[in-house]
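For reference, the structure is listed below as structure tokens.
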Amino acid sequence: MSSYKTLHKFGVDEYIVEKSTFIGYAKPIKTEEEAIEFVNEIKKKHKDATHNVWAYTVGENMNIQRYSDDGEPQGTAGMPILDVLKGEDIKNTAIVVTRYVVVVVTRYFGGIKLGAGGLVRAYTKGAKVGIEAGIVIEKVKYTEVKIKIEYTQLGKIQNEIMNLGFTVKDTIYSDDVEIIVYSKVEDVESLKDRIIDITSGTADVSLGDEYYLSEKDGQLIL
């Protein structure tokens with residue numbers, strides 16, 4: 001998988017419907033243990049709440065999916081939150097597809113029953129406001145491209161990297177100059193070919209580690 005959506009940071013927001021307050025919490029996680037820890041943290045924080053409904057997905061392919069209705073009618077709370085994370089088609093709802101994320105929606109009952117359809121809409125929105133507060137980003141697979149050149153070639157290579165839109169991770173000065181560039185996996189070969197071409201084959205180009213880096217609106221966030 002070359003990319004997937006997740007959260008940039010912890011997010012929280014709330015809204016009121018029919019006098020019930022819904023507080024949506026969302027957090028990026030790396031493991032199921034982190035997800036469970038966060039759920040327990042919110043449940044402890046809101047131990048006086050009517051419900052603390054949660055769902056999470058872990059893995060680039062959502063290998064792990066869990067949810068709980070926490071006492072709400074079956075299928076009206078936890079599953080709608082999980083559907084938002086999975087990007088399932090929910091009527092009249094913009095779709096957010098996220099991985100490695102845990103969401104808890106806390107409800108303080110206001111005295112007016114919402115019915116099954118109303119609960120689905122309320123918990124769906126609760127999930128969305130928490131996720132949107134955390135800022136949805138794209139995790140894109142990048143490779144380190146290491147370019148060793150002579151000092152006399154430095155200015156030319158720096159300008160070329162900038163003009164091509166690549167991001168420099170580091171520049172190491174020793175007997176030669178090594179420029180470490182972040183490149184999307186699919187752009188690696190074209191970058192290598194261009195560097196070899198403009199240095200007449202004198203550059204030493206090698207590949208380093210691969211990472212999933214964060215992008216927002218196509219721009220790299222470091």
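The values are calculated or read from the model by the stated rules, or taken from the named source; none is laboratory data. All values derive from a computational prediction rather than experimental measurement. Reconstructed Cβ throughout: ideal geometry from the backbone, glycine too, with neighbour counts over all protein chains shown. Heads up: the accessible areas ignore ligands, DNA and RNA and are worked out on the full protein's heavy atoms, side chains in. Shrake-Rupley method; radii C 1.70, N 1.55, O 1.52, S 1.80 Å.
Extending 7 Å from Cα along the Cβ direction at Arg66 and again at Asp193 yields two label points whose distance is 4.7 nm. 3J(HN,Hα) along region 48-60: 8, 6, 5, 8, 10, 8, 9, 7, 8, 10, 10, x, 4 Hz, from the Karplus curve 6.51 cos²θ - 1.76 cosθ + 1.60 with θ = phi - 60°, whole Hz, x for Gly and Pro.
Per residue, the solvent-accessible area of region 141-182 (1.4 Å probe, heavy atoms of protein chains only, all protein chains present) comes to 55 Å².
Distance between the modelled labels on Thr171 and Ser2, one decimal in nanometres: 2.9 nm (7 Å Cα→Cβ projection). GNM remark for the chain: springs join alpha carbons under 10 Å apart, and the peak mean-square fluctuation among Gly117, Gly134, Gly71 falls on Gly117. Rolling a 1.4 Å probe across the protein heavy atoms gives region 38-79 an accessible surface of 53 Å² per residue.
Once you mark the GluC sites (Glu not before Pro) that are in a DSSP loop and have at most 13 other Cβ atoms within 10 Å, what is the longest gap between them in the chain? Counting at most 13 other Cβ atoms within 10 Å as exposed, the longest clean stretch of the chain is 151-222.
The accessible surface of region 83-222, taken with every protein chain in place and a 1.4 Å probe, is 46 percent carbon and sulfur. All distinct Cα pairs of region 39-85 go into the 1/r average, and the inverse of that average, the Kirkwood radius, is 11.3 Å. Of Ile23, Ile135, Ile157, the residue with the greatest mean-square motion in the GNM of the chain, using alpha carbon springs below 10 Å, is Ile157.
Put Tyr25, Tyr67, Tyr15 in order of accessible area, highest first, and with a 1.4 Å probe you get Tyr67, Tyr15, Tyr25. Return the Rg/Rh ratio of the chain with Cα-based radii and a Kirkwood Rh. Rg/Rh: 1.17. With helices as the sole contributors, the chain gives -9500 deg cm²/dmol at 222 nm; each DSSP H run of n ≥ 4 counts as -39500 (n - 2.57), and the sum is divided by every residue. Across Tyr211, Tyr182, Tyr123, the residue with the most accessible area heads the list, and the full order at a 1.4 Å probe is Tyr211, Tyr182, Tyr123.
Ratio of Rg to Rh for region 37-154: 1.21 [Cα atoms; Kirkwood radius as inverse mean 1/r over pairs].
Could you give the dipole magnitude of region 104-222 about its Cα centre, charging the beta-carbon of Lys and Arg +1 and that of Asp and Glu -1, in debye to the nearest 20? About 1340 debye. Taking only the C-alpha atoms of region 124-212, the Rg (one decimal) and the largest Cα-Cα distance, Dmax (whole number), read 17.2, 58 Å.
In degrees from 0 to 90, rounded to the nearest 10, what is the angle of the helix 188-198 Cα long axis to the longest principal axis of the chain? So the helix axis and the longest Cα principal axis differ by about 20 degrees.
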